[in-house]
């Protein structure tokens, strides 16, 4: 088993240990076990950092590759590998996982066993999404993330937690379905075409390999690229979230427990921007170029709108949530500047936002907890 598998599945193993070996009453033991698992995972991710070659180019750029046949009839492979962008996001994820668990000690006082199991499952889903180099595998991990966060908001959230959880679920699921249609369109175009649209395929072997589509992206007809880009756009823009798909975010942040808000802001939102960098730009270059004015326009609106709305918020979590809409507008603007400096700046801002906004939600969580204790 390679290091990427170890980093990805350590939280899953920890979740299984807590699920099957601890009683509900073993609160302190559950907390300590979850913390130990998260710390081990973070230390394992540092192995990636110290063994990563930043000077690698071409196919060697994808490091720590682990490829196994999974569903050969459909061309599905279990394919893991990372570049520098994924490496940074993986380390951010494992670091925030430790912080989220530790910050839950005093905040979560009931159903602790289920809570920490879901938090560790969420960690595995996020890490797998950043490691996957097969569209089928990527989609599995993308959907796996949705379920734990839904329950974390819906069970341990605030007074309007069900409304916020269902809204988060419906928004994300809608975007995921459209993204799946785009993945299937790529798959069928690569293999045999799309007959009912009179689009001839390339006649290549069936595959969901992301790197294969990086190589053939320029061969996809511009009209088909446009529609595939739109499918990816809805899936990723809702997750970012870009204006006008941002309305689920303030509700989710306000109602989520502190750890849920930290993970949501620090990592989950980055999956949308990561998707644009990893899939939309390299696979759909002509559609990207065609839609740059729209993407830049929406990013600018998000920057200004998010900043102005955050100024008038009375709830501190909503204030930070709307500021995230503004900050991630800068990330999207950098991505669709379509130059190396813009991409580097957007990746740097992803990491900056993950750390700073996660810290802000921790501070807000402390204020919420102490205020509730004073009331009691």
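The values are calculated or read from the model by the stated rules, or taken from the named source; none is laboratory data. As the structure is a prediction and not an experimental result, all values here were calculated from the model. For neighbour counting, all protein chains shown are included, and Cβ atoms are generated from backbone atoms with ideal geometry for every residue, glycine included.
Brief remarks on what is shown
- Residues being in a helix (DSSP H, G or I), more than 22 Å from residue 131 (Cβ to Cβ) and in contact (Cβ under 8 Å) with a residue 12 or more places away in the chain - total across segment 18-35: 7
- Residue that is surrounded by the most Cβ atoms within 10 Å (Cβ to Cβ), among those in segment 98-109 that are under 23 Å from residue 20 (Cα atoms) and touching a helix residue (DSSP H, G or I) at 6+ places or on another chain (Cβ under 8 Å): 100
- Single residue of 146, 173 found to be at pLDDT 85 or above and either within 24 Å of residue 283 (Cα to Cα) or surrounded by 23 or more Cβ atoms within 10 Å (Cβ to Cβ) (or both): 173
- Residue selected from segment 215-242 under the condition more than 18 Å from the chain's Cα centre (by Cα) and in a loop (DSSP other than H, G, I, E, B), by the criterion surrounded by the most Cβ atoms within 10 Å (Cβ to Cβ): 220
Yes or no, residue by residue, for (1) in a helix (DSSP H, G or I); (2) within 17 Å of residue 253 (Cβ to Cβ); (3) in contact with a helix residue (DSSP H, G or I) (Cβ under 7 Å, 6 or more places away or on another chain):
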position: 140; (1), (2), (3): yes, no, no
position: 145; (1), (2), (3): yes, yes, yes
position: 150; (1), (2), (3): yes, yes, yes
position: 153; (1), (2), (3): yes, yes, yes
position: 158; (1), (2), (3): no, yes, yes
position: 166; (1), (2), (3): yes, yes, no
position: 171; (1), (2), (3): yes, yes, yes
position: 178; (1), (2), (3): yes, no, yes
position: 182; (1), (2), (3): yes, no, yes
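- Scanning segment 68-97 for residues that are more than 20 Å from the chain's Cα centre (by Cα) and either farther than 19 Å from residue 278 by Cβ or free of Cβ contacts under 8 Å to residues at least 24 places away in the same chain (or both), we see that the one that is surrounded by the most Cβ atoms within 10 Å (Cβ to Cβ) is 75.
- Residue satisfying all of: in segment 14-37; surrounded by fewer than 16 Cβ atoms within 10 Å (Cβ to Cβ) and within 15 Å of residue 97 (Cα to Cα); modelled with the highest pLDDT among these: 36
- Test: residue in segment 180-191 that is at pLDDT below 85 and out of contact with any strand residue (DSSP E or B) (no Cβ under 7 Å at 6 or more places or on another chain): yes
- Hey, residue 100 within 25 Å of residue 147 (Cα to Cα) and assigned to a helix (DSSP H, G or I) or not: yes
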